[in-house]
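The values are calculated or read from the model by the stated rules, or taken from the named source; none is laboratory data. Just so we're clear, the structure is a prediction, and the values are computed from it rather than from any experiment. Here the Cβ is made from the backbone with ideal geometry for all residues, glycine too, and neighbour counts use every protein chain on show.
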Amino acid sequence: MRKLVAVLLFACSAFAQERVTLIRNATILTITNGTIENGSVLIRGTKIAAVGRDLAAPAGAQVIDASGKFVLPGIIDTHSHTAIEGSVNEISLPNSGNVRIADVLTATDINVYRQLAGGTTAALVLHGSANSIGGQSQIVKWKWGHPISEWPIPDAPRTIKFALGENPKSANFRPPEGQPRQYPATRMGVEEVIRKSFVDARDYLAAWDEYDAKKKRGEDAIPPRRDLLMEEMADILRGKVDIHSHCYRADEILMLLNLSDELGFKVRELQHVLEGYKVAPEIAAHGVTGGTFIDWWGYKAEAYDAIPYNVALMTRNNVIVSVNSDSDELARHLNQDAAKSMKYGGLSEDEALRLCTINPAKQLRLDHRMGSIEVGKDADLAIWTAHPLSSYARVDTTFVDGEIVFDRQRDLQQREAMKREKQQRLKAEDDAAKKEKSK
């Protein structure tokens, strides 16, 4: 009985300490259920507890008056290299699918904080594009101030980075004199690396299936040698790992789609996909999504045919499209990239907002918990001073799992405090130098 009372007391204490926040008098951009004028969002713990008008503040709740402001779900970036400085490319092999981004994440990259200041709350952190098949990626929330162990989303799908085109064939890289050029060196070679990797994975699976069959028959079988790379490739074939592939040109996009048909794997998202507009019906027919930029083009040969209407044309062909960053800087204002789709292609306001919220959540298969303001979803939100599609809008407050991880007023106060501290230190150093000189 005493143990039961102790458990109940602990539970009551934990409930009493649960963080509760009410944001009220704001324009709520729910994404999936329209816009609520003069609305409120109640956050309880890490979740959205209520959304609507005239919500009462529970006892002890923090109340934020957001009059004249807008509340948007946290922006999601499906192509990030933030927080992995120095570990972007394991360039030594054409297939490095056995390395893991999760092992090299750092909690001290200041770009994370800057992205929170732009309303970005979650990201797919990827290996680079030096390999036809790169490292295992990691979906994270930007939980600034928390240990890195808390950043990965526990139930997020496993993902891996593929790459096509100039980068994996090392078009812009020449080894030092006397060293051979790494395979592959052509687009044909890139395709063959991917094909051979899956053929090898099939053989690996067959060897284990044969071993399991012998064990069931009671035979004294020797198990095949474990291979971490082949384990990952086999899990792609099993549908346990999602492929997000770097690509540009229409021909290589079709190559990968045809290869997926041939070998029985599924591509989840084509990233960059600057010529997606040329083959949008084929992309849609395969159930593949696309993450791209609006107005980046011409920076290398395979980007010459990029057009700003790509997003709209793929959207009109029923491809789920997102805007993503591939850049620490662009990740701070993905809302503005989304807004450009209204100018280039005539997407509606709602369609534009979906490009950086619910659509990337769907691409990551996390739309059951992120990407829109709905009861039961994670409390990843940002309060904006104006409509997020306006170039004049800025973020006042950003929440991740119900916790304020960026607050503009607090940030300004910290800047002043740091300025005063710097002045004090400089004065102390100057005084010390004068004292030393006078001796």
Looking at (1) over 20 Å from the mean Cα position of the chain (by Cα); (2) crowded, with 19+ Cβ neighbours inside 10 Å; (3) of a type in the set (Asp, Glu), find the lone condition where Glu269 falls short.
-> (1)
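So that you can scan it fast, the table gives a plain yes or no per residue for (1) farther than 23 Å from Gly291 by Cα; (2) free of Cβ contacts under 8 Å to residues at least 24 places away in the same chain:
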| residue | (1), (2) |
| --- | --- |
| Gly145 | yes, no |
| Leu164 | no, no |
| Ala185 | yes, yes |
| Ala206 | yes, yes |
| Lys214 | yes, yes |
| Arg217 | yes, yes |
| Arg226 | yes, yes |
Per the filter on the range 239-263, residues without any contact (Cβ under 8 Å) to a residue 40 or more places away in the chain and in a loop (DSSP other than H, G, I, E, B) are Gly239
So, in the range 44-74, of the ones that are of a type in the set (S, T, N, Q) and under 24 Å from Asn335 (Cβ atoms), which residue ends up surrounded by the fewest Cβ atoms within 10 Å (Cβ to Cβ)?
-> Ser67
Unmet criterion (only one of (1) of a type in the set (Phe, Trp, Tyr); (2) within 31 Å of the chain's Cα centre (by Cα); (3) surrounded by fewer than 20 Cβ atoms within 10 Å (Cβ to Cβ)) for Tyr211 | (2)
crowded, with 16+ Cβ neighbours inside 10 Å, more than 30 Å from Asp411 (Cβ to Cβ), modelled with pLDDT under 95 and among the small types (Gly, Ala, Ser): does that describe Ser170?
-> yes
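May I ask you to list the residues in the range 121-161 that are of a type in the set (A, V, I, L, M, F, W, C) and modelled with pLDDT under 95? First the steps, then the outcome.
Taking the range 121-161 and keeping what is of a type in the set (A, V, I, L, M, F, W, C), we get 122-126, 130, 133, 139-140, 142, 144, 148, 151, 153, 156, 160.
Selection gives Ala130 alone.
Return the only residue of Ala107, Ala117, Ala185 being over 29 Å from Arg408 (Cβ atoms) and not polar (S, T, N, Q).
From the options Ala107, Ala117, Ala185, the qualifying one is Ala185.
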Those residues of the range 287-307 which are in a loop (DSSP other than H, G, I, E, B) and surrounded by 17 or more Cβ atoms within 10 Å (Cβ to Cβ), in sequence order | Val288, Phe293, Ile294, Ala306, Ile307
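Let's see how each residue does on (1) at pLDDT below 95; (2) in contact with a His (Cβ under 6 Å, 6 or more places away or on another chain); (3) in a loop (DSSP other than H, G, I, E, B):
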position: Asn25; (1), (2), (3): no, no, no
position: Thr32; (1), (2), (3): no, no, yes
position: Asn38; (1), (2), (3): no, no, no
position: Leu42; (1), (2), (3): no, no, no
position: Ala59; (1), (2), (3): yes, no, yes
position: Val63; (1), (2), (3): no, no, no
position: Val71; (1), (2), (3): no, no, no
position: His79; (1), (2), (3): no, no, no
Some residue of the range 131-140 being surrounded by fewer than 22 Cβ atoms within 10 Å (Cβ to Cβ), touching a Phe, Trp or Tyr at 6+ places or on another chain (Cβ under 7 Å) and closer than 17 Å to Asp401 by Cβ = no
